[in-house]
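One structure is given here, and the rest of the page talks about it.
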Amino acid sequence: MASSTSLQVAGLASNFDWKSFVDQIMAVEHTPADRLAAEKATNQKKADMLSTLGNKLTGLQKAAQALKVDGLFGQRSASLSTSGSTWSTSAAIDTAPGTYKVAVSQLATVARRVGTSDVGSGLNPSSDSVAGLTVANLPIGQAVSAGTFTVNGQQVSVALTDSLDTVFAAISTATDGDVTAAYDHTTDKITLTSATTDVTLGAVNDTSNFLRALKLGNNGTGTVSSSARLGTVKTTSTLATANLGTAITAVNGSGDGSFKINGVSIAYNVNSDTISSVLSRINDSSAGVTAAYDPVNDRFSLTNDTTGDLGIAVSETAGGLLGAMGLTTGATLSRGKNAEFRINDGDLLSSASNTLEESALGVTGLKLTVASEDTQTVTVSANTDTMKSKIQTFIDKFNDVQDYLDESTKITSGGKGKVTAAALSNNREIQDWGRSLRTLAFSAVAGASGISRLENLGLDFVTGTSKLQIADETKLVTALRDKSSAVTSFFNTSTTGFAAKFDSFVTKISNQNDDQQKNLDKGNASIDDQIAAIERRLEQQRSVMESAFIQMETAQSKLKNQQSALTNAFSSTKSG
């Protein structure tokens with residue numbers, strides 16, 4: 001007898017392929033689900049196309065918004081007649097186009113207050129002995145390096161730990177007493193003297209700068225002295241020990257004092273501040289000057305941070321730091337100069353700065369930085385390339401949307417009467433968007449002066465199409481160059497301007513586009529539910545049918561077994 005499992009094989013007992021029969025029945029019953037699946041695929045195709053359209057509308061909207069950016073149609077470029085000039089120029093939005101001949105006869109310079117020289121004290125208070133002066137700590141403008149130097153062909157060694165007396169003795173020893181060295185505190189100079197010959201200093205293989213640091217050089221005689229006073233200010237020592245030639249007395253019991261530069265008060269303390277810290281304090285203040293120390297000439301200076309014929313005012317109580325620095329009595333002021341120039345051969349004009357702003361040039365928005373006494377022609381022109389580029393981008397995005405709308409809604413006829421319809425061909429709302437965009441593109445802008453339509457800018461549709469183009473580039477460039485305010489009014493007027501109307505309309509149809517996508521998504525979700533319900537019902541129906549056929553196979557098998565038993569039984573009887 002066949003097992004229950006083997007009877008699940010179609011036709012094993014009945015010779016009837018009931019499984020194929022069930023599959024055919026299920027295929028017929030599945031037709032509604034297939035139709036729903038096809039409907040879903042169509043909906044999804046439409047949704048995908050609407051999504052692509054939404055992206056293209058976003059691109060068009062951004063291009064429209066770019067046309068209403070403040071200053072777009074007032075952009076200017078400025079150039080100089082000489083390529084590679086050290087001058088530079090720029091023009092602001094809406095600067096009047098034109099050419100300007102600028103002849104600079106004088107550059108602006110800074111004012112400078114130079115203090116008296118030799119404000120430092122001498123090397124030593126007396127000429128008797130300089131044994132207490134160590135080479136490493138000499139208050140001179142250039143530090144001495146250890147090594148050797150040459151006097152009358154003889155090398156003299158110097159170490160940083162040597163005293164000046166030691167070096168003098170070494171000079172005498174090296175020259176067998178022929179050259180002697182001495183210091184004179186009244187002149188603050190060192191003198192080398194030979195009793196028998198001219199003093200000759202230095203050699204190419206010297207390794208110490210002792211001679212240069214002490215300002216000693218050949219003069220072709222038997223007596224050589226330092227070319228200038230030697231003592232200088234110690235910028236890193238406290239003010240009280242900075243080797244200033246004049247004592248600072250205008251301080252209180254704690255050593256505090258102050259002075260003013262250009263009305264700005266600068267405080268100091270002689271016991272804690274150094275020359276370097278005071279100079280930094282001046283430079284970091286709002287006095288508007290740069291303070292510096294010149295160790296070669298042993299003097300201080302104040303230089304204005306800005307150019308022009310401007311003074312430098314200093315004030316303090318007698319006995320103060322500025323006096324000790326030589327910046328009060330005896331200081332000289334080199335006045336700054338104003339830049340002097342002519343525009344288009346007109347009257348002589350002046351500016352405190354070498355950067356000539358519109359107030360100096362008399363041309364709104366024009367800026368010119370001059371770096372030499374020269375004549376240049378400055379040309380200001382509308383930056384039409386940038387403006388035209390923004391308009392072309394809008395045209396490209398507009399055409400992209402129109403092409404896509406045409407492609408997604410078209411109906412074409414082929415051979416033998418075959419008609420092919422695009423997925424959105426029956427969507428009248430989308431078809432209306434294309435027509436509305438074209439109408440909006442060529443509608444007049446209310447209140448615009450001089451330019452109220454795209455055709456006034458040389459823009460038109462390509463004949464026989466929905467696509468825009470720059471039909472007359474000369475007309476467009478002329479309008480951008482010569483009628484920037486009218487172009488700005490056309491594109492940029494709030495709510496009623498071309499760009500504003502496009503921005504608003506595209507926002508509207510983009511929202512409608514999103515709503516259509518949402519409706520399609522909802523419809524597909526409903527279709528999924530319907531297909532799932534049909535699939536469940538068909539699965540149950542298949543199960544019932546298969547169970548019935550298996551029962552049929554079981555019954556057929558039993559009948560065959562009984563028939564076989566009867567046949568065998570009758571055969572046995574006849575044999576007996």
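If the condition is being free of Cβ contacts under 8 Å to residues at least 40 places away in the same chain, within 30 Å of residue 488 (Cβ to Cβ) and over 27 Å from the mean Cα position of the chain (by Cα), then the stretch 344-385 contributes 359, 360, 362.
Checking 554, 567 one by one, the residue that is surrounded by 11 or more Cβ atoms within 10 Å (Cβ to Cβ) and either in the same structural domain as residue 41 (by TED's automatic domain parsing) or not aromatic (Phe, Trp, Tyr) (or both) is 554 and no other. Within the stretch 344-366, the residues that satisfy the criterion of being crowded, with 19+ Cβ neighbours inside 10 Å and either in a strand (DSSP E or B) or of a type in the set (Asp, Glu) (or both) are 351, 356, 366. One residue stands out in the stretch 486-523 among those that are in a helix (DSSP H, G or I) and free of Cβ contacts under 8 Å to residues at least 24 places away in the same chain: the one that is farthest from residue 39 (Cα to Cα), namely 504.
Of the residues in the stretch 520-528, none is surrounded by 11 or more Cβ atoms within 10 Å (Cβ to Cβ), aliphatic (A, V, I, L, M) and either closer than 30 Å to residue 388 by Cα or more than 60 Å from the chain's Cα centre (by Cα) (or both).
A single member of 413, 425 is exposed (fewer than 11 other Cβ atoms within 10 Å of the Cβ) and either farther than 26 Å from residue 495 by Cβ or touching a Gly at 6+ places or on another chain (Cβ under 6 Å) (or both), and it is 413. Residues of the stretch 243-259 include at least one that is at pLDDT 95 or above, in contact with a helix residue (DSSP H, G or I) (Cβ under 9 Å, 6 or more places away or on another chain) and farther than 28 Å from residue 122 by Cβ. Taking the stretch 307-343 as the range and being among the aliphatic types (A, V, I, L, M), over 44 Å from the mean Cα position of the chain (by Cα) and not in a loop (DSSP other than H, G, I, E, B) as the test, the residues that pass are 321, 322, 324. When the strands (runs of 3 or more DSSP E) confined to the stretch 42-108 are screened for residues that are within 24 Å of the chain's Cα centre (by Cα), of a type in the set (Ser, Thr, Tyr) and farther than 25 Å from residue 491 by Cα, those reaching at least 2 such residues are found at 88-91. When the strands (runs of 3 or more DSSP E) confined to the stretch 386-485 are screened for residues that are touching a residue at least 60 places away in the same chain (Cβ under 8 Å) and under 37 Å from the mean Cα position of the chain (by Cα), those reaching at least 3 such residues are found at 468-470. Looking at this structure, is residue 221 of a type in the set (Ser, Thr, Tyr) and modelled with pLDDT of 95 or more? Judged against the criteria, residue 221 is a match.
Determine whether residue 545 is in contact with a helix residue (DSSP H, G or I) (Cβ under 7 Å, 6 or more places away or on another chain) and not small (Gly, Ala, Ser). It is true that residue 545 is in contact with a helix residue (DSSP H, G or I) (Cβ under 7 Å, 6 or more places away or on another chain) and not small (Gly, Ala, Ser).
In the stretch 113-133, the condition of being of a type in the set (Val, Ile, Thr), surrounded by fewer than 15 Cβ atoms within 10 Å (Cβ to Cβ) and in contact (Cβ under 8 Å) with a residue 24 or more places away in the chain is met by no residue. Taking the criterion of being part of a strand (DSSP E or B), among the β-branched types (Val, Ile, Thr) and within 40 Å of the chain's Cα centre (by Cα), the residues of the stretch 252-300 that qualify are 261, 264, 266, 289, 290.
The values are calculated or read from the model by the stated rules, or taken from the named source; none is laboratory data. Just so it is clear, the structure is predicted and the values come from calculations on it, not from any experiment. With ideal geometry, Cβ positions are generated from the backbone for all residues, glycine too; neighbour counts draw on all protein chains shown.
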